[in-house]
């Protein structure tokens, strides 16, 4: 007698019944203020267990969040079209977007130039969301220290990271944080990922 394969625990034929299809608009705005690009996207209910795992990343203790891992779980379980993975997203970053030089308004009218390097999607998402702690506390110093280590470099010495002494001498640290967050947002939404991730988070809210 031929042994039969056991029936799957989940009826995969019914998974699509939980899908939501949407046209997501993103990109530069036209003269009327409307985004000029769009993508067809499919979101899926990941099941309550995974849903609660995703929710838990909004507060992982010690006033910290892990939106990078939250995005990773959403990539794997919620956004089913198009498919995303951080490794592929990082490879898709153009040479132009890998770094950016900005001029800051330093102390006493001094102009300060720094180089910013894109740290990868996971870390960029965490840095964008870490400016406020899970309880709303100002986390600017922690974010600045992380940016100094992984993102900010001397414009004339691109292998040399910045440090708190640099900001003490020159000023402009708060503006540098703002410039970095804008830079990350632009890179991550170049092909609409950041907008799609945000819509996925909104899609999940009524399911908790």
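Computed from the coordinates by the stated procedures, all read-outs in this text should not be read as laboratory data. For clarity, every value in this text was computed on a predicted model and none was experimentally measured. Neighbour counts run over all protein chains shown; Cβ positions are idealised from the backbone, glycine included.
Using Cα-Cα distances under 8 Å and only pairs 6 or more residues apart, what relative contact order does the stretch 134-175 have, in percent?
Values: 23 pairs, mean separation 12.8, N = 42.
Relative contact order of the stretch 134-175: 30 percent.
If you take the beta carbon distance between residue 56 and residue 159 as r and set R0 to 41 Å, what does 1/(1 + (r/R0)^6) give as a FRET efficiency, to the nearest 0.05?
Details: r = 38 Å, r/R0 = 0.92.
Calculated transfer efficiency: 0.65.
In the chain, how does Rg compare with the Kirkwood Rh, expressed as the Rg/Rh ratio over alpha carbon atoms?
Details: Rg = 20.7 Å, Rh = 19.3 Å.
Ratio value, two decimals: 1.07.
For a label point 7 angstrom out from the Cα of residue 182 toward its Cβ, which stretches of the stretch 132-174 have the backbone nitrogen within less than 16 Å?
From the stretch 132-174, the list is 172-174.
Quick one: check the C-alpha center-to-center distance for the stretch 131-208 versus the stretch 32-59, whole angstrom.
21
Contact order normalised by length for the stretch 96-188, with contacts defined as Cα pairs under 8 Å and 6 or more residues apart; what percent is it?
Details: 116 pairs, mean separation 29.3, N = 93.
Dividing the mean separation by the residue count of the stretch 96-188 yields 32 percent.
In Å³ and rounded to a whole number, note down the convex hull volume per residue for the Cα atoms of the stretch 111-208.
Working: hull volume 10.5 nm³, N = 98.
Convex hull volume per residue, Cα atoms: 107 Å³.
Could you give the alpha-carbon Rg of the stretch 65-114 over 2.2 N^0.38 Å, rounded to two decimals?
Here the Cα radius of gyration is 1.81 times the empirical estimate.
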